[in-house]
Amino acid sequence: MLLDVYARGAQRRGIEGGQTGMVTALQRAGSGLNVNLHFHTLVLDGVFTEEPGGALAFHPAPAPSDAKVAAALATIRHRVQRLLVRRGLEPADDATGPADRLADESPVLAGIVGASVQGRVALGSRAGARVRRLGAGRDAAAVTSRGPRQAHLEGFDLHANVWVPANDRAGLERLCRYVLRPPFAQERLRLRSDGRVALELKMAWRDGTRELVFEPLEFLERLAAMTPRPETNLLICHGVLAPRARWRERVVAYGRVLPEPTAAPLAAGPDDAGVKPTPRAWTWAALMLRAFTIDVLACPRCGGRLRLIATLHDPAVIRKILTHVGLGPSGPSPGPAGAATP
């Protein structure tokens, strides 16, 4: 859908053969720990074309108007509804639709997921009841502004007002972290004195709810419902960013500014010259520093920089060195996983 919107828009501006790309993260949970499938999509805000010499050129797209966002949402809703009808899943359709594989494989899990979608409890003494809410009650019918480039239509919402300028790597990283964020922040979760689990909402709901309270079993069933099924891909690339796209490699490298190295080289050759990491690869030390703020190449004694001088694979040599520095094994080897102990 969005691929066509960008391609047609470029064609109207006289740009033929333009292609764009996007990355979609499937989010399975809403703010209330309920199953609420929605999509976070990062879109290249423009199209690429291939020049006669084989080089790629990027053509930025103008900012969409509120009317275009509303039109795009109407088209998305129409296509989703048409797909549901074709598969016999439309609520107004008499067809029962295809068999629910989850209900056949695990009726309990299917019931948990169904209750989560409705905001109700599936297990325990409160089965069928709504999740407890805490907050200052207000009129649920209050109307709030949805802001520019945002549209709402019969349960469908489209927000298209977030934009990151070119070469703003920090801004892009913040946006990616938001797109890939987990269902809830651990800092908002607490165990109450009565043994129940409370989840503080980031923003109060329209009815004034600021906190949700779960029995332990209710909280576990919410986590079970949000857990994706095995082999479910939650990150999908489209267009020129698709895995087999012909332009993918050139698009990823287009206009790229190589970052400054954040850590010392991890390997050294015979002439004691460090091996520089390739432009498209991060060293493990750099990844540890970036993800966990742990500088594994900082010497804990003098604060200097460590460097790799050798890679050891012989278990006997490794045990000898560890024993020499006082880190040898303190007991028998645990053996392979699953081995029985007499």
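The values are calculated or read from the model by the stated rules, or taken from the named source; none is laboratory data. Since this is a predicted model, take the numbers as computed values, not measurements. Every residue, glycine among them, receives a Cβ derived from its backbone with ideal geometry; neighbour counts consider all protein chains shown. Calculation scope for accessible area: heavy atoms of the full protein, side chains included, ligands and nucleic acids excluded. Shrake-Rupley method; radii C 1.70, N 1.55, O 1.52, S 1.80 Å.
A compact table of results
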quantity: Leading residue by the ranking (modelled with the highest pLDDT) among those in region 107-126 that are in a loop (DSSP other than H, G, I, E, B) and surrounded by 14 or more Cβ atoms within 10 Å (Cβ to Cβ); calculated: Arg126
quantity: Residue satisfying condition, being out of contact with any helix residue (DSSP H, G or I) (no Cβ under 9 Å at 6 or more places or on another chain) and either open to solvent by less than 100 Å² (accessible area, probe 1.4 Å) or farther than 30 Å from Val43 by Cα (or both), within set Glu249, Glu215; calculated: Glu215
quantity: Wholly enclosed strands (runs of 3 or more DSSP E) of region 130-191 bearing at least 3 residues out of contact with any His (no Cβ under 8 Å at 6 or more places or on another chain), modelled with pLDDT under 85 and surrounded by 13 or more Cβ atoms within 10 Å (Cβ to Cβ); calculated: 132-135
quantity: Residue list for region 1-27, filter: touching a Ser or Thr at 6+ places or on another chain (Cβ under 9 Å), buried (at least 17 other Cβ atoms within 10 Å of the Cβ) and farther than 16 Å from Val240 by Cβ; calculated: Ala25
quantity: In region 80-106, the residues that are over 26 Å from the mean Cα position of the chain (by Cα), β-branched (Val, Ile, Thr) and modelled with pLDDT of 75 or more; calculated: Val85
quantity: Where a residue in region 176-195 is free of Cβ contacts under 8 Å to residues at least 40 places away in the same chain and its partner, wherever it lies, is open to solvent by less than 70 Å² (accessible area, probe 1.4 Å) and of a type outside the set (Val, Ile, Thr), with Cβ under 7 Å and at least six apart; calculated: Arg188/Leu199; Leu189/Leu199; Arg190/Ala198; Arg192/Ala198; Gly195/Pro216
quantity: Elements of type strands (runs of 3 or more DSSP E) contained in region 1-63, each with 3 or more residues being closer than 11 Å to His238 by Cβ; calculated: 21-29, 35-43
quantity: Cβ pairs under 6 Å, 6+ apart, first in region 231-258 and of a type outside the set (Phe, Trp, Tyr), second part of a strand (DSSP E or B) and modelled with pLDDT under 90; calculated: none
quantity: Residue among Arg169, Arg149 that is closer than 30 Å to Lys68 by Cβ, in contact with a Pro (Cβ under 7 Å, 6 or more places away or on another chain) and charged (D, E, K, R); calculated: Arg149
quantity: Pair list, Cβ under 8 Å, 6 or more apart: region 309-324 residue of a type in the set (A, V, I, L, M), other residue surrounded by 11 or more Cβ atoms within 10 Å (Cβ to Cβ); calculated: Ile309/Ala268; Leu312/Ile318; Leu312/Ile321; Leu322/Gly328
